[in-house]
1. Which of the residues that make up segment 25-69 are buried (at least 19 other Cβ atoms within 10 Å of the Cβ), in a strand (DSSP E or B) and of a type in the set (A, V, I, L, M)?
2. Residues being assigned to a helix (DSSP H, G or I) and loosely packed, with under 13 Cβ neighbours inside 10 Å: count how many of those fall in segment 83-94.
3. Of all residues in segment 106-132 being in contact (Cβ under 8 Å) with a residue 24 or more places away in the chain and assigned to a loop (DSSP other than H, G, I, E, B), which is nearest to A151 (Cα to Cα)?
Amino acid sequence: SKDCKPRMKRQPTLAEEQAREAREAFDLFDLEKRGRIGYHELKVALRALGFDVRKADALRLVASHGAQGAVAEDEFLEIVAEYTSKRDPEAELLKAFELFDEDRTGRISLRNMRRICRELGESLADEELQAMIDEFDGDGDGQISFVEFAAIMRSSDIYE
């Protein structure tokens, strides 16, 4: 006779670095240090980790994962693992590229880099910015295309 045990659905897990970041976010938003966060803190913590979460999502997550209107750290880590497993890395790359390519030319120009530096409060000379562009400019047009940007991101530790 065959073994008819129901298969357990495998829970998504987090890489060590992801778990560390999630714990830091939880601790940051566990303002009263109760070891639990409510729906609002859950929403803000998930947004801080880069997830697009609305109030209704946070309320649903607290209802399904938490107790007494709040989630504990282990429940929060499960939620982060679920959200992480649903990420689309290519869509996220495109979204990141579009933050740089504000004029929607399909390329990141020196002008785009200046704006990003200004927004981040960094002051780099045009020569330094152009040198950054030139380093990754595979086709020699003086700008970064999406393909070049994606290659930069995939070769960094950021892209997992």
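Taken together, the values in this text are just the output of simple stated rules run on the coordinates, not laboratory data. Being a predicted model, the structure only gives us computed values, none of them experimental. Cβ atoms come from the backbone with ideal geometry, glycine included; neighbour counts cover every protein chain shown.
1. Matches in segment 25-69: I37 only.
2. Within segment 83-94, the first condition is being assigned to a helix (DSSP H, G or I), and the residues that meet it are 83-85, 89-94.
Still in the running and loosely packed, with under 13 Cβ neighbours inside 10 Å: 85, 89-91.
Residues that pass the stated criteria total 4.
3. Taking segment 106-132 and keeping what is in contact (Cβ under 8 Å) with a residue 24 or more places away in the chain, we get 106-110.
With the extra rule that they be assigned to a loop (DSSP other than H, G, I, E, B), the set shrinks to 106, 109.
Details: G106: 15, S109: 17 Å.
Across segment 106-132, the extreme among qualifying residues is G106.
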